[in-house]
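The values are calculated or read from the model by the stated rules, or taken from the named source; none is laboratory data. Note that the structure is predicted; figures quoted are calculated from it, not measured. As a convention, Cβ positions derive from the backbone with ideal geometry for all residues, glycine included, and neighbour counts pool all protein chains shown. For accessibility, only protein heavy atoms count, side chains too; no ligands or nucleic acids. Shrake-Rupley method; radii C 1.70, N 1.55, O 1.52, S 1.80 Å.
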Amino acid sequence: MESSSPSNSGRIQKIAVVGGGSAGFLAALTLKTRLPQLDVTVVHSSSIPIIGVGEGTTFTMPIFLHGYLGIDPTEFHREVRPTYKLGIRFLWGPRPRFHYSFTNQLDARRTDLPRANGFYCYEDYDYADINGALMGHERGFLRQQNGAPVVDTTAAYHLENGPFVAFLEKRAREIGIEIIDAEVTNVVRDDDKILDLQLDSERSCNADFFIDCSGFRSLLLGEAMDEKFEDFSSSLFCDRAVAGGWQRSGETLLPFTTAETMDNGWCWQIEHDQVVNRGYVYSSNAVSDDKAEEEFRRKNPKVTDTRVIGFTTGARRNTWAGNVVALGNAAGFVEPLEATNLAVICDHAAKLVDTLKDSAMTVVPTSRMYYNRYTQRMWQGIRRFLAMHYRFNTRLDTAFWRACQEDTDLAGAEEIIEYYQACGPGLLWAREAMGADDPFNWEGYLAMLVGQKVAHNGTHQPESQELAIWQDYMRRLNQTAGQGIGMADALAMIRSSNWQWHPDFYQRANRW
């Protein structure tokens, strides 16, 4: 029987990461930066292309990169040239649009009003705080008195995958991570652990512990360790994406990702300096690849080259088995509707570091069990949140969307929806309904439920004085946001040699 107490003889000293890309290099950087005594090697083949689409993130990504990993934001902006994202503009549900920011717009209550903000937004909702208002006015930031942008830690990044991965690889080399350019041809396993990786270069790579970042193949966790995969397709029907884009030609550089309802799924739009990245996520059971591309091009006539990407939504039941932990697509994948991919990689990598520290750098079965419980809750939390996007989207009356409204498995969101339908956007017991470790919090659910105008019984008829207070608040939001600075102008200042980051700017917001 496996011992539940650490053993010095089993101390982890060498870790091999299989796979490059954003997952592999983020995993390696996290381990080597936070546990510098480790010998960390990345095995990846330059002949295997990265997926390479534009990526949106959540607000935790800049904090993780600069606060947790200590990456210099000046260097990062110079080499990767990210743009900023305040949230998502949803062309979704019966409203013309609504804005979901990374701040508490609806899960909040003004001191001069008796009810939470959400009660004043059911009929008329585009945004309800300054970040939402900036998105509505297509401004990136508020202005300082000297005209410079007010940058804080509530903004996320838009990243072009190629420059981002190249930067991470360069950083990995700088801090002493060995990188082997080779394919894994065989995995040597003994009982419940992996011993060695045989490579096509007639070399081998042995380690005490392995990180599987091999993408959808899940070479180590899925194939070698035979960890079972839980399919999420009863909740998330889409399984294909046609990705494309065009060179920017005068369009405003928008401070958000756009999520637009399509006949058989939805379209993303991600903003980069020179490129507008666009993609259509759809269900192959509802539409053929050719028909999906036809609709995509008809609605986006500037699109140039495209490619189709297939995927299966779901996650391994355990993301840690034996001496293998999977991160990124090797562990699980849900479609990019809420840009959770990079956030999950960073969070789970940080939790792994903490677990190894707490276990004296050994594999302790009890710690492994709780790590798996945590990651399972995260995957299930994302699944149920995204399912709710589909169940209640009434924007288009197509066969696909009728099926979503009738058949989407809410996968655990039922109690949350029941609470909202009974109590409206109240604040008291929402967290009890959600349970522990929900990655989106009550604000996320309110943004989508109020945004999609889901009916509830907790209606509040505000008195005229309340309405006047709310309307005055919205008037001031509009006035302030309208004076904000555009994203292109803000980035020019942030990237200039005159811009100075406070040494503790991101460290103070570090949550890991």
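So, of the residues in the stretch 93-131 that are out of contact with any strand residue (DSSP E or B) (no Cβ under 9 Å at 6 or more places or on another chain) and of a type in the set (S, T, N, Q), which turns out to be surrounded by the fewest Cβ atoms within 10 Å (Cβ to Cβ)?
T111
Hey, can you tell me all the residues within the stretch 131-159 that are of a type in the set (D, E) and closer than 19 Å to D72 by Cβ?
Of everything in the stretch 131-159, just one residue is of a type in the set (D, E) and closer than 19 Å to D72 by Cβ, namely D152.
Quick one: C238 ticks every box in (1) surrounded by fewer than 16 Cβ atoms within 10 Å (Cβ to Cβ); (2) closer than 28 Å to R278 by Cβ; (3) of a type outside the set (A, V, I, L, M) except a single one, so which number is it?
Of everything listed in (1) surrounded by fewer than 16 Cβ atoms within 10 Å (Cβ to Cβ); (2) closer than 28 Å to R278 by Cβ; (3) of a type outside the set (A, V, I, L, M), C238 misses just condition (1).
Quick one: in the stretch 30-44, which of the residues that are in contact with a helix residue (DSSP H, G or I) (Cβ under 6 Å, 6 or more places away or on another chain) and part of a helix (DSSP H, G or I) is nearest to F216 (Cα to Cα)?
Among them, the one singled out is T30.
Residues are listed down the side, and each one gets a yes or a no for (1) buried (at least 18 other Cβ atoms within 10 Å of the Cβ); (2) under 30 Å from F385 (Cβ atoms); (3) without any contact (Cβ under 8 Å) to a residue 40 or more places away in the chain:
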| position | (1), (2), (3) |
| --- | --- |
| L197 | yes, no, no |
| R203 | no, no, yes |
| A224 | yes, no, no |
| G244 | yes, yes, no |
| N264 | yes, yes, no |
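Quick check on my filter: what residues within the stretch 45-82 are outside any helix (DSSP H, G or I), surrounded by fewer than 22 Cβ atoms within 10 Å (Cβ to Cβ), β-branched (V, I, T) and modelled with pLDDT of 95 or more?
I71, V80 - these are the residues of the stretch 45-82 that are outside any helix (DSSP H, G or I), surrounded by fewer than 22 Cβ atoms within 10 Å (Cβ to Cβ), β-branched (V, I, T) and modelled with pLDDT of 95 or more.
State yes or no: is Y125 in a loop (DSSP other than H, G, I, E, B), under 13 Å from M448 (Cα atoms), at pLDDT 95 or above and within 25 Å of the chain's Cα centre (by Cα)?
Judged against the criteria, Y125 is a match.
Yes or no: the stretch 352-363 includes at least one residue that is under 19 Å from M61 (Cα atoms) and open to solvent by less than 40 Å² (accessible area, probe 1.4 Å).
Checked against the condition, which is being under 19 Å from M61 (Cα atoms) and open to solvent by less than 40 Å² (accessible area, probe 1.4 Å), the stretch 352-363 yields at least one hit.
What are the residues in the stretch 357-395 that are without any contact (Cβ under 8 Å) to a residue 12 or more places away in the chain and either basic (K, R) or within 27 Å of N264 (Cα to Cα) (or both), if any?
R373
Answer yes or no: is there a residue in the stretch 403-416 that is farther than 24 Å from E338 by Cα and among the aliphatic types (A, V, I, L, M).
no
In the stretch 277-290, how many residues are touching a strand residue (DSSP E or B) at 6+ places or on another chain (Cβ under 9 Å) and surrounded by fewer than 23 Cβ atoms within 10 Å (Cβ to Cβ)?
Adding up the residues that qualify gives 6.
Condition check ((1) open to solvent by 20 Å² or more (accessible area, probe 1.4 Å); (2) under 21 Å from the mean Cα position of the chain (by Cα); (3) at negative phi) across all residues:
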site: R391; (1), (2), (3): yes, yes, yes
site: C404; (1), (2), (3): no, no, yes
site: I416; (1), (2), (3): no, no, yes
site: D437; (1), (2), (3): yes, yes, no
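Can you pull out the residues in the stretch 298-350 that are in contact with a helix residue (DSSP H, G or I) (Cβ under 6 Å, 6 or more places away or on another chain), in a helix (DSSP H, G or I) and either of a type in the set (V, I, T) or open to solvent by 30 Å² or more (accessible area, probe 1.4 Å) (or both)?
Those that are in contact with a helix residue (DSSP H, G or I) (Cβ under 6 Å, 6 or more places away or on another chain), in a helix (DSSP H, G or I) and either of a type in the set (V, I, T) or open to solvent by 30 Å² or more (accessible area, probe 1.4 Å) (or both): N329, I345.
Anything in the stretch 238-294 that is closer than 30 Å to A133 by Cα, β-branched (V, I, T) and in a loop (DSSP other than H, G, I, E, B)? List them, or say none.
Scanning the stretch 238-294 gives a single hit, T252.
Among the candidates A436, A481, A447, A455, which residue alone is aliphatic (A, V, I, L, M) and more than 30 Å from W379 (Cβ to Cβ)?
Among A436, A481, A447, A455, only A481 is aliphatic (A, V, I, L, M) and more than 30 Å from W379 (Cβ to Cβ).
What number of residues in the stretch 205-222 are out of contact with any strand residue (DSSP E or B) (no Cβ under 8 Å at 6 or more places or on another chain) and surrounded by fewer than 20 Cβ atoms within 10 Å (Cβ to Cβ)?
Residues in the stretch 205-222 being out of contact with any strand residue (DSSP E or B) (no Cβ under 8 Å at 6 or more places or on another chain) and surrounded by fewer than 20 Cβ atoms within 10 Å (Cβ to Cβ): 1 in total.
Cβ-Cβ below 6 Å, separation at least six or inter-chain, first residue in the stretch 69-96 and under 15 Å from V151 (Cβ atoms), second basic (K, R) and part of a loop (DSSP other than H, G, I, E, B): which pairs?
Close Cβ pairs (under 6 Å, with a partner that is basic (K, R) and part of a loop (DSSP other than H, G, I, E, B)) amount to H77/R495.
Every residue in the stretch 456-512 that is open to solvent by less than 60 Å² (accessible area, probe 1.4 Å), over 18 Å from P149 (Cα atoms) and assigned to a helix (DSSP H, G or I), please.
E466, A468, I469, W470, D472, Y473, M474, A509 - these are the residues of the stretch 456-512 that are open to solvent by less than 60 Å² (accessible area, probe 1.4 Å), over 18 Å from P149 (Cα atoms) and assigned to a helix (DSSP H, G or I).
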